[in-house]
1. L164's amide H: which non-local residues (gap 5+, or another chain) put their own amide H closer than 5 Å, with H modeled 1.01 Å from N in plane and none for Pro or chain starts?
2. Check N26: other-chain or 5+ apart residues with amide H under 5 Å from its amide H, H built from backbone geometry?
3. Can you tell me the mean projection area, over all orientations, of the convex hull of the chain's alpha carbons? Units nm², please.
4. Sort T80, T165, T22 by heavy-atom solvent-accessible area, probe 1.4 angstrom, most to least.
5. Rounded to the nearest percent, how much of the accessible area of segment 1-83 (1.4 Å probe, protein heavy atoms only) is carbon and sulfur?
6. Using alpha carbons only, how many angstrom separate the centre of segment 91-120 from the centre of segment 29-78?
7. Viscosity 0.890 mPa s, temperature 25 °C: what is the translational diffusion coefficient of segment 40-100 from Stokes-Einstein with a Kirkwood Rh over Cα pairs, rounded to a whole number of µm²/s?
8. Accessible area per residue of segment 1-105 at 1.4 Å probe, in Å²?
Amino acid sequence: ERRGKSVPRAKMEGGVEDILKTLQPNRQLVAFIKSQFGRAWDIRMSQAKAEREAWRMKAKSAEESIIELAERITHTTNPTLVKALEKKADQFERERLLAEENASKPLPSKARKERCIELALGFVSRPYDIYKNGSYALKKLVLRLAFLKPVTFAGDGVYSTPELTLPFRVLGGNLTAK
């Protein structure tokens, strides 16, 4: 009977390490994940380019509206109507400036793509190595990123089945012990 007895810390941490060792995917899966991240990045880049073009078109449209309002102002003699048209022109000018600002934002570089993919894969492909070699704060981070809830230790020296986070649930049966 274990009632009232403590469990050595090394035994508890060893059990967590054993669980983390099983969370490392095989090399083929890592290569597949990398290719999927690359595809997702490329899709997002094409969307960003389309958004940039839409902002450019909006800026051009606002500029044309401003020119049209300026012509109407020059041909109008009613001061109330002139004020209303000037107010509308100011609104179009703000829209044009915002659209030009959004259109001029730089797109992420290919180097950034590689850094993001490597950062994401670094954790998914080797959580145990990060846990084993990391600081206390990094160990806590690995546990939070790998498990939905804290892993519970039963008195008989066995861990309950851990609830994994989405990346590891998706990997499912493709995980291997190393």
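1. Distant-sequence amide H within range of L164: L148.
2. Those lying under 5 Å, H to H, from N26 are T176.
3. If you wrap the Cα atoms of the chain in a convex hull and average its projections, you get 17.2 nm².
4. These residues rank, largest area first, as T80, T22, T165.
5. Numbers: 3420 of 6240 Å².
The computed percentage sits at 55.
6. 11
7. So the translational diffusion coefficient is about 189 µm²/s.
8. Values: 7770 Å² over 105 residues.
Counting only protein heavy atoms, the per-residue value for segment 1-105 is 74 Å².
The values are calculated or read from the model by the stated rules, or taken from the named source; none is laboratory data. Since we're looking at a predicted model, the values are computed, not measured. Calculation scope for accessible area: heavy atoms of the full protein, side chains included, ligands and nucleic acids excluded. Shrake-Rupley method; radii C 1.70, N 1.55, O 1.52, S 1.80 Å.
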